[in-house]
Amino acid sequence: MEKLFKAFIIAIVLASIIYIAIWVRLETLDSKMVLNYDPWWFYRYAKDISENNFKLPKWDYLSYYPPGRPVTIFSGWSYTIALLSKLLNLDLITTAKISPLIMVASSGIVAYILAYKITNNWIASFFAPIFVLLSPPFLSVSVAGYNDTDAPVVFYFLLSVLFSLLAIEKKKIHFYVLAVLANLLFILNWGGGWITLILFFLLIPFLVVYRLIEEYIITRKINLLEITKNNLAPTILPFFIIFLATNIIGQLIGLNNMFVSFFGGLAFAALSSYIISFVVAFSMFLVVFFSLFAITSKHKISIVGGFVSFVFIVFLLHYYNIPTKPLIVNISVAELQPLTTIREIMGRVEAYQVLLTFSLIPLVILATILGRMSRVEAYQVLLTFSLIPLVITKLLMKKRSSYLEIFLILWSIFMIVLITRGVRFSLLFLISSSIASTYVISNILNYLSKRTFAYIVVLSFFSLLAFNTINYSIGFRFASRGMEISDNWFEMLDWLKNNADKDALIA
């Protein structure tokens, strides 16, 4: 009976969050047409698919007109819109307008399940769908009629991470199949969908090095055989099954492979120098850590010394090695402008948000002076980076961290590096920060679970922050009025169509 009641509460609260998330996006539903150029592109492909027996033409004559270009294989989102139109028995334009709302609702469900899988706290897990669905980066690109790939990217990113974690933990065939399928669907919907496998691939060396340091601190010795058998193999081997299957199938069906995407992404985001800097800095950390430990036998001094050397080397390399020649597209497109100052990265910080975490108060005060946090709510960033002191505290207390904590730290670091390369990556950072924030909230609530009054106070505080996010989203609904294409544009285009020369090219 208790389980049924809990399931009922979860369903009601989650349904309420999803209802609000859809309601705040409905202001543009009455638009006659989709809302932007990219949404139109996906609508046009969906139209071609639905009118040609679910087959794409070989050549797209309207892209790069007049010569055109080959049709991209990454058309999963257009296929989804065409299929939804068929299943729902709606005209294609209506389906295109509601398609982001369907993905928003689906993302909310997956966000909750993923958060619950990581935290095992059914109350704290509600923060994940609130943060994901109602924060500015996702709100602005998923209103009704804005059928760009942003909404499916959020859904499939969450889904691919969820099934990959389940496959690694459960080691069951059906979870392997689901993980491979989720990753392939992610890639089909967005060419950058290899990012989930790239993330887990980077987790391997990150996890190996962390386990070596952890073992050295706790036991003062390193037994590679024991570490590999007990800590590394159970995580790495299942991932390699997913990795191999996805890459082989992806290569066979024309999606290339993870390495093509990875090195292409480094060039696209101008991150090659950052990778080199990190490798050099981390190598210095290891040298200083093990040297100090050998001399002093004190793990606290070793950690501090290693960390200081890491920060110093990163600063030094970053100072002398900031990329000055990004790709041409990064210069010409506003959303790909790199964020290179604290003022650009840190923005809209409300006064109460400064108090969220003591470990980052100086950073937030500096951010408050220099500007206001843009794109992602400040408290989500603060909660995300509270993961690092949490893991360091465990090391100092000689307690082992779960691989999920290591994964969340890597995920957050990876995404914060991406967001510094352009605001378009803020959506990806939002996903990682939402899950990481939920994990930190869960840890705080678990710690206070036997202190009823403190538990209620802290839960109320976090609920107030969540309410602030909801309140912002409600304001966004009314601010989104006027995004529709006005009748003047339709009348102008009709006039041109009827009066211009039949061979005229209108751009």
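The values are calculated or read from the model by the stated rules, or taken from the named source; none is laboratory data. Since the structure is predicted, the reported quantities are computational estimates derived from the model, not experimental observations. Reconstructed Cβ throughout: ideal geometry from the backbone, glycine too, with neighbour counts over all protein chains shown.
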For the stretch 421-463, how many residues meet the condition of being in contact with a Ser or Thr (Cβ under 7 Å, 6 or more places away or on another chain), touching a residue at least 60 places away in the same chain (Cβ under 8 Å) and surrounded by fewer than 22 Cβ atoms within 10 Å (Cβ to Cβ)? 0
Return the residues of the stretch 135-174 that are over 22 Å from LEU408 (Cα atoms), assigned to a loop (DSSP other than H, G, I, E, B) and touching a residue at least 40 places away in the same chain (Cβ under 8 Å); say none if nothing qualifies. SER140, VAL141, SER142, VAL143, ALA144, GLY145, TYR146, ASN147, ASP148, THR149
Answer with yes or no whether LYS3 is at pLDDT below 95, among the basic types (Lys, Arg) and loosely packed, with under 13 Cβ neighbours inside 10 Å. yes
Which pairs do you get when a residue that is assigned to a loop (DSSP other than H, G, I, E, B), found in the stretch 14-25, comes within reach of a residue that is polar (S, T, N, Q) and at pLDDT below 95, reach meaning Cβ atoms under 6 angstrom, with the pair 6+ apart or on two chains? VAL24/SER473
Pick out, from the stretch 69-134, the helices (runs of 4 or more DSSP H) lying fully within it that include 3 or more residues that are under 18 Å from GLU51 (Cα atoms). 76-88, 92-119
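Here is a yes/no grid of residues against (1) within 28 Å of ALA7 (Cβ to Cβ); (2) modelled with pLDDT of 95 or more; (3) among the aliphatic types (A, V, I, L, M):
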position	(1), (2), (3)
TYR64	no, no, no
PHE74	no, no, no
LEU90	no, no, yes
ILE93	no, no, yes
VAL104	yes, yes, yes
SER135	yes, no, no
Working only within the stretch 41-83, note down all residues that are hydrophobic (A, V, I, L, M, F, W, C) and more than 18 Å from SER31 (Cβ to Cβ). ILE49, PHE54, LEU56, TRP59, LEU62, VAL71, ILE73, PHE74, TRP77, ALA82, LEU83
Can you tell me which residue among ILE198, ILE236 is in contact (Cβ under 8 Å) with a residue 40 or more places away in the chain and closer than 30 Å to PHE74 by Cβ? ILE198
From the options GLY193, GLY254, residue that is small (Gly, Ala, Ser) and part of a helix (DSSP H, G or I): GLY193
Only one residue in SER99, SER106, SER85, SER125 is free of Cβ contacts under 8 Å to residues at least 60 places away in the same chain, crowded, with 24+ Cβ neighbours inside 10 Å and among the small types (Gly, Ala, Ser). Which one? SER99
